[in-house]
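Asks: I am attaching a structure below and will ask some questions about it afterwards.
The values are calculated or read from the model by the stated rules, or taken from the named source; none is laboratory data. Computed from a predicted model, the values in this text were never measured in an experiment. Here the Cβ is made from the backbone with ideal geometry for all residues, glycine too, and neighbour counts use every protein chain on show. These area figures cover heavy atoms from the full protein model, side chains too; ligands, DNA and RNA do not enter into them. Shrake-Rupley method; radii C 1.70, N 1.55, O 1.52, S 1.80 Å.
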Amino acid sequence: MSELRELYQSVILDHNKKPRNFGVVDEANCEADGHNPLCGDKIHVSARVEDGVVEDLRFEGSGCAISTASASLMTQAVKGHRVDEALRLFEGFHELVTSDPTAEPAASGLGKLEVFAGVREFPMRVKCATLAWHTLKNALEHDDSTAKTE
Ligand code: ZN
């Protein structure tokens with residue numbers, strides 16, 4: 001387990017240091033802001049959705065390593081996929097990080113996103129990990145309110 005944990009940590013550190021899809025989408029038609037006041041994480045998500053497919057997706061903002069890495073991996077997981085798939089991934093991810101920490105993580109088909117299974121043990125960190133996803137959901141659903149992690 002500790003080897004797996006180290007692998008997970010290295011993925012998170014790598015995405016924090018070199019966030020993928022960082023910036024703002026040209027001609028975005030979906031945008032939202034998110035804020036996690038408990039940690040101070042702030043994020044802006046922009047996307048261009050065409051025919052129900054997330055053609056481009058970027059984020060910018062500042063926050064802790066978990067929130068930045070989660071946003072980076074979120075953009076990779078969602079870009080190029082259908083909006084309904086993106087919302088399903090969000091549900092699966094949310095389930096993963098809020099499930100019982102003593103149980104085996106459910107085989108969820110989340111791929112790389114499973115590196116966040118470890119945050120189940122840290123309720124404060126769950127909010128950091130889910131901020132990008134809450135913000136994505138608001139963007140895709142054209143909800144203009146600032147996404148909160150509650
Ligand atoms: Zn945070």
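Asks: Just checking, does the stretch 94-102 include any residue being closer than 16 Å to residue 69 by Cβ and either modelled with pLDDT of 90 or more or under 12 Å from the mean Cα position of the chain (by Cα) (or both)?
Replies: yes
Asks: Testing residue 128 on (1) open to solvent by less than 50 Å² (accessible area, probe 1.4 Å); (2) in contact with a Lys or Arg (Cβ under 9 Å, 6 or more places away or on another chain), one condition comes back false. Which one is that?
Replies: Exception for residue 128: condition (2).
Asks: For the stretch 23-43, how many residues meet the condition of being assigned to a loop (DSSP other than H, G, I, E, B), of a type outside the set (Asp, Glu) and farther than 23 Å from residue 123 by Cβ?
Replies: Within the stretch 23-43, residues that are assigned to a loop (DSSP other than H, G, I, E, B), of a type outside the set (Asp, Glu) and farther than 23 Å from residue 123 by Cβ number 5.
Asks: Checking residue 13 against (1) open to solvent by less than 70 Å² (accessible area, probe 1.4 Å); (2) within 16 Å of the ligand (Cβ to nearest atom): exactly one of these is not met. Which one?
Replies: Going through the list (1) open to solvent by less than 70 Å² (accessible area, probe 1.4 Å); (2) within 16 Å of the ligand (Cβ to nearest atom), residue 13 breaks only (1).
Asks: Check whether at least one residue in the stretch 17-38 is within 16 Å of the ligand (Cβ to nearest atom), surrounded by 14 or more Cβ atoms within 10 Å (Cβ to Cβ) and more than 25 Å from residue 142 (Cα to Cα), and report yes or no.
Replies: No, the stretch 17-38 contains no residue that is within 16 Å of the ligand (Cβ to nearest atom), surrounded by 14 or more Cβ atoms within 10 Å (Cβ to Cβ) and more than 25 Å from residue 142 (Cα to Cα).
Asks: Go through the stretch 71-119 and give me each residue that's hydroxyl-bearing (Ser, Thr, Tyr) and either open to solvent by 20 Å² or more (accessible area, probe 1.4 Å) or farther than 21 Å from residue 149 by Cβ (or both).
Replies: 98, 99, 102, 108
Asks: Mind listing just one residue for me: the one in the stretch 131-148 that is open to solvent by 10 Å² or more (accessible area, probe 1.4 Å) and touching a Lys or Arg at 6+ places or on another chain (Cβ under 8 Å) and, of those, modelled with the highest pLDDT?
Replies: 134
Asks: For the stretch 46-70, which residues satisfy the criterion of being assigned to a strand (DSSP E or B), open to solvent by less than 40 Å² (accessible area, probe 1.4 Å) and either within 21 Å of residue 120 (Cβ to Cβ) or within 16 Å of the ligand (Cβ to nearest atom) (or both)?
Replies: The first filter runs over the stretch 46-70 and keeps only residues assigned to a strand (DSSP E or B), leaving 46-50, 53-62.
Narrowing further to those that are open to solvent by less than 40 Å² (accessible area, probe 1.4 Å): 46-47, 49, 53-54, 56-57, 59.
The one that is assigned to a strand (DSSP E or B), open to solvent by less than 40 Å² (accessible area, probe 1.4 Å) and either within 21 Å of residue 120 (Cβ to Cβ) or within 16 Å of the ligand (Cβ to nearest atom) (or both): 59.
Asks: Of all residues in the stretch 94-130, count the ones that are within 16 Å of the ligand (Cβ to nearest atom) and of a type in the set (A, V, I, L, M, F, W, C).
Replies: Summing the residues that are within 16 Å of the ligand (Cβ to nearest atom) and of a type in the set (A, V, I, L, M, F, W, C) in the stretch 94-130 gives 9.
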